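Data block below; observations after.
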Amino acid sequence: MTLRVAIICGGRSSEHEISCTSAGGVLRAIDRNQYEPVMIGITKSGKWTLIPDDFDFSIRGDVLPVIAEDGVPVAIGPDGFSINGEKIAIDIVFPLLHGPYGEDGTIQGLLEIADIPFVGSGVLASAVAMDKSFAKPIFAAAGIAVAEGFVVREGDWAKEKVKISAEIATLGYPVFVKPARGGSSRGTTKVSSADQLHKAIAEAHSFDPKALVENEVRGREIECAVLEIDGLPRASVVGQIEIDPQFEFYDFQAKYLHSATSITLPAPIPEKIAREIQEQAVKAFTSLGCSGLARVDFFLTPAGEVIITELNTMPGFTATSVFPKMWEASGVSYQEVISHLLKSALRRNNGVLGN
Ligand SMILES: Nc1ncnc2c1ncn2[C@@H]1O[C@H](COP(=O)(O)OP(=O)(O)O)[C@@H](O)[C@H]1O
Ligand SMILES: [Mg+2]
């Protein structure tokens, strides 16, 4: 008997299109002997719709997939999914959504209320991982090194610019300023001197009333994919992000401009350090109470120090995204990754009383 999997994509966040691309990848790769996919799209305005069979999930030139606003409405409530008042049976939900309303615990809460198993982290872990000002102290308490820094709230900044600027100066320039709940490097600025600070903080606050200011970590950017296999979090081989030197850091342009970045797998680093990064990745996953999957991003300094940047609970998930690539390099195919995720979802240890 096959299980019906609702793959949900699109959504209200700025990562709508990449989410659709990821869903197309899963649709093509999912094991049809075990699972029957049902494609559900959330429009940019937040409407839930059934995605027509002829929908094109791929990127064609400059045309990105977008969920149409006028599709057949899908409803979800405490008793599950329905279309035109008729209940549709769904065994597992795969919420392939990034950012707010997708990766932040909100849809996870909705699925908990509807009592439907779902892929990935639960309410708490999703919400905490989304907000770096909460995730960082938890990582630090678990013994994982984080960049030094603090939160600058919009209201405080408006009243105490001089005092806060003096505190930031004690970190030593350059500093990085970024929104606490950001993504894709949006609103992130490297600030080399005090005169650039105001603009950078205003930019971060345009995304989030909480900005994070951190001292600059110099080093390679290393990523590790964690996947729950038979109930245990496993770490993939680690990869090194290669950024075209014309970019000052791994910013939005570098991330999404074609061929500006790539990943070297495995990272050209000593075996011992790679193992340490894998251990830290699993520790980060466990410390936040994650389930299913996470991509954990680090810096590796020239002195060999491993510093966590962030943990993403729903990383990019197209067949060529970093997460599946890291598992492929570890001997687990895209289709197998999907099957592990769906099996983990049925264990339900991401439930409100799980993990
Ligand atoms: N403290 C820091 N030191 C050096 N580079 C940083 C620092 N914080 C962020 N960056 C750079 O900005 C990028 C995006 O920051 P990150 O915290 O990962 O936010 P996002 O969620 O937007 O990806 C990082 O990949 C890195 O290149
Ligand atoms: Mg990042």
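Numbers for the structure displayed
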item: Magnitude of the charge dipole, the chain, Cβ model with Lys/Arg +1 and Asp/Glu -1, debye to 20; result: 420
item: Residue pairs, from the table Lys178/Lys199; Lys44/Lys178; Lys47/Lys255; Lys272/Lys325; Lys132/Lys210; Lys190/Lys283, whose Cα atoms sit over 19 Å apart; result: Lys44/Lys178; Lys47/Lys255; Lys272/Lys325; Lys190/Lys283
item: Cβ charges +1 (Lys, Arg) and -1 (Asp, Glu), total dipole of segment 148-215, debye; result: 160
item: Neighbour cut-off at most 15 other Cβ (10 Å), DSSP loop, GluC sites (Glu not before Pro), segment 224-297; result: Glu248
item: Principal axis dimensions, largest first and in whole angstrom, of segment 148-215 by Cα; result: 28, 24, 20
item: MRE, 222 nm, helices only [DSSP H, n ≥ 4, -39500 (n - 2.57), over the chain, to nearest 500]; result: -9000 deg cm²/dmol
item: Rounded, prolate or oblate (a/c below 1.5 giving rounded, otherwise prolate when a/b exceeds b/c) for the chain by Cα gyration tensor; result: prolate
item: Cα centroid separation, segment 140-212 to segment 270-311 (Å); result: 23
item: Over segment 3-118: Kirkwood hydrodynamic radius from C-alpha pairwise inverse distances, Å; result: 14.2
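We did not get these values from a lab; they are worked out from the coordinates using the rules stated. These figures come from a predicted structure and were not determined experimentally. Ideal geometry is used to build each Cβ from the backbone, glycine not excepted, and the neighbour counts take in all protein chains shown.
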